[in-house]
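*Asks:* Encoded as structure tokens, here's the structure I'll be asking about.
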Amino acid sequence: MKIQVADLDFEPLISYETIRERVEALAGNINADFSGKTPILIGVLNGSFLFMADLVKQLTIPCQVSFIKLASYHGATTSSREVREDFGLSVDIADRAIILIEDIVDTGNTLHYLIAQLKQQNPSSIAVCSLLLKPKALAYTIDELKYIGFEIENDFVVGYGLDYKELGRNLKGIYKK
Ligand code: 5GP
């Protein structure tokens, strides 16, 4: 069933049930890989807030949660190259295992910028967990990209935290244009 968000129509792509199962599996991998460690999960706002919430509830290892706010999309449906930092990290990440939580990796520009910034603060490790990845749009090799929920085509998507013109973040599932 099609839905409308602002001035555009979207169709269902991934149901909440499917997302829930995949998030559980990703959490299982993280629990195993970070056993004996206390990672800091850093969510990239705004889009990652629902994914972060569902993911951490499935983690059994001790972990800290923090957020950073960046923006490279400005109300459009194509990625701009400029990355803007709205607010930075409030936690000391030196010698800590970092797991960056992303909603979606498109060109990889945001992640490329962010990883370079975080490395300057000397964390012991950086891994990235992204709910969505558009492999055909990816313009960088990002070795840190270890956990991926779903690979999707180069469609513009909304829902489950992702917006179009700041709307649609509250949709349970993911929809494509
Ligand atoms: P990148 O820097 O990898 O090109 O883009 C990453 C950011 O662009 C994401 O964190 C997200 O904010 C935004 N973005 C990329 N693709 C989409 C999309 O299909 N839908 C929405 N709502 N945002 C997207």
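The values are calculated or read from the model by the stated rules, or taken from the named source; none is laboratory data. Note that this is a predicted model, so its numbers are computed, not measured. Ideal geometry is used to build each Cβ from the backbone, glycine not excepted, and the neighbour counts take in all protein chains shown. Accessible surface is based on the protein model in full, side chains and every heavy atom, while ligands, DNA and RNA are left aside. Shrake-Rupley method; radii C 1.70, N 1.55, O 1.52, S 1.80 Å.
*Asks:* Taking 0.36 nm per residue of separation and subtracting the Cα-Cα distance, what length does fully extending I3 through F150 add?
*Replies:* Here the segment from I3 to F150 would lengthen by 50.8 nm.
*Asks:* Mind checking which lysines have their C-alpha under 20 Å from K146, skipping anything on the same chain fewer than 8 residues away?
*Replies:* K37, K57, K119, K134, K136
*Asks:* In terms of solvent-accessible area of protein heavy atoms at a 1.4 angstrom probe, what is the ranking of V56, V5, V65, highest value first?
*Replies:* V65, V56, V5
*Asks:* Could I ask something else about it? What FRET efficiency comes out for the pair K69/E24, r = Cβ-Cβ distance, R0 = 45 Å, nearest 0.05?
*Replies:* 0.95
*Asks:* Once both axes come from the Cα atoms, what is the angle between helix 109-119 and the longest principal axis of the chain, in degrees from 0 to 90, rounded to 10?
*Replies:* 10 degrees
*Asks:* Pairing the Cα long axis of helix 16-33 with the longest principal axis of the chain, what angle in degrees results, from 0 to 90 and rounded to the nearest 10?
*Replies:* Here the helix axis deviates by roughly 10 degrees.
*Asks:* For the chain, what is the mean residue ellipticity at 222 nm derived from helices alone (per DSSP H run of n ≥ 4: -39500 (n - 2.57); sum divided by total residues; nearest 500 deg cm²/dmol)? Could you put the intermediate results ahead of the total?
*Replies:* Numbers: 3 runs with 38 residues, N = 177.
Theoretical 222 nm ellipticity from helices: -7000 deg cm²/dmol.
*Asks:* If you don't mind, there's one more thing I want to ask. Show me the three semi-axes of the equivalent ellipsoid for the chain, from the C-alpha gyration tensor (sqrt of 5 times each eigenvalue), largest first, rounded to whole Å.
*Replies:* They are 26, 19, 14 Å, listed from largest to smallest.
*Asks:* So, one more: Which whole-Hz couplings ³J(HN,Hα) result when phi for each residue of segment 134-143 is put into the Karplus expression 6.51 cos²θ - 1.76 cosθ + 1.60, θ = phi - 60°, listed in order with x for Gly and Pro?
*Replies:* Here the 3J(HN,Hα) series is 9, x, 6, 9, 5, 10, 10, 8, 10, 4 Hz.
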